[in-house]
1. Please work out the ratio of the alpha-carbon Rg of the stretch 72-256 to 2.2 N^0.38 Å and round it to two decimals.
2. Dimensions of the stretch 264-308 along principal axes (Cα, Å, largest first)?
3. At 7 Å along the Cα-to-beta-carbon direction for both residue 87 and residue 271, put a label point, then send me their distance in nm to one decimal.
4. Quick one: Cα centre-to-centre distance for the stretch 120-150 and the stretch 177-227, in angstrom?
5. Give, rounded to the nearest 20 debye, the magnitude of the charge dipole that the stretch 264-308 has about its Cα centre when Lys and Arg contribute +1 at Cβ and Asp and Glu contribute -1 at Cβ.
6. What does the net charge come to around residue 158 if you take all other residues with beta carbon closer than 10 Å to its beta carbon, with K and R at +1 and D and E at -1?
7. Would you mind checking the stretch 237-277 for residues with the amide N under 20 Å from a putative spin-label position 7 Å along Cα→C-beta of residue 303?
8. Pull up all non-local amide H partners of residue 202: gap of 5 or more, or a different chain, and H-to-H distance under 5 Å with H placed in the peptide plane.
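Any read-out appearing in this document is the output of simple, stated calculations on the displayed coordinates, not a laboratory observation. Here the structure is a predicted model, which is why all the values come from computation and not from measurement. Backbone-built Cβ (ideal geometry, glycine too); neighbour counts: all protein chains shown.
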Amino acid sequence: MKQTRWTCTLFACFLTAALLKAEPIDMDGYSFEIRHDTLFVSCDSLHIPGDLVVVLNDRTNIYKKLFHDETDDLMEDHPADDLYKNIWTRERINAYNTPIDSIPDSIYINCREFCMPAQGYITSKFGPRRYRFHYGTDVKVQIGDTIRAAFTGQVRIIDYEARGYGHYVVVRHDNGLETVYAHMSKVLVDENMRIYCGEPIGLGGNTGRSTGSHLHFETRYLGNAINPEMIIDFSTGNIRDDQYLIAKNTTFKYYEEQKALAAAKYYTVRSGDNLSTIARRYGTSVRSICRLSGIKETSILRVGQRLRIR
Ligand SMILES: [Zn+2]
């Protein structure tokens, strides 16, 4: 949380100073003063954190990062390189082809340094949706709300999908997780940029396949999605545990559900159909169709209705 606090503290001071154009401000042993177009920060140099991040909110509500050291981004090593077998590509979110079966039974992920990506209530949970699987947690945000990096890491992908994620960012973290932030109105970082936990990476939006502004947030390990709610308590905005245990049988239990969904077959009711003829045609039973489709055996079918038959 340290970087976040520094970001917020300095940001708040900068903004206050900028708005007031006033006398020097003293805060926690730091003094801030604007002279002409320069912000002066005075303090005991021993107290400046090595990984200080300063962000600025300008009048159009766009955050900019100051003092960004671009040599950081050119580092040859990427986060968790060993784990990811040196694969660093912007081509796909899951570029690793690592089946869940090949993941060890239990792995601890260091989550001590964490920042809530967005403050808001959950609008849609991780799990099966009607005809597809939802690999993230949706959080209500307003357009322009600051979206922050959940952990420290490096930006792997920035892209735009008009019919999917809209403007989105994928970050690889030092702790081995990857996170995805989608449907944003604006991205504030660059590919390969080193970013710190709590750093603003974008602004909330409604781009791509989205109805109503929200953040679609994913947590992944070697490309395989993990329900973000297992790691983060969205009601309090805190990490559940400093060490998140990936227990294969629990964490990836949804995989079975997902496989069943992928294998699902649907049938659209036509004129003259009834449950028994459909069941016979597809070698299944009326009871099974009713269970999968969530209807009663006595239900009257209507033309155009979708039934799940497998
Ligand atoms: Zn979503």
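1. On the way: Rg = 15.2 Å, N = 185, 2.2 N^0.38 = 16.0 Å.
Rounded to two decimals, the normalised Rg is 0.95.
2. Here the Cα extents, ordered largest to smallest, are 21, 19, 18 Å.
3. Between residue 87 and residue 271, the simple spin-label model gives 5.2 nm.
4. So the separation of the two Cα centres works out to 10 Å.
5. Values: 10 positive and 2 negative charges, 23 e Å.
In debye, rounded to 20, the stretch 264-308 gives about 120.
6. Numbers: positive: 90, 156; negative: 159, 190, 191.
For residues surrounding residue 158, the net value is -1.
7. The answer is 267-277.
8. Amide H neighbours of residue 202: 147, 188.
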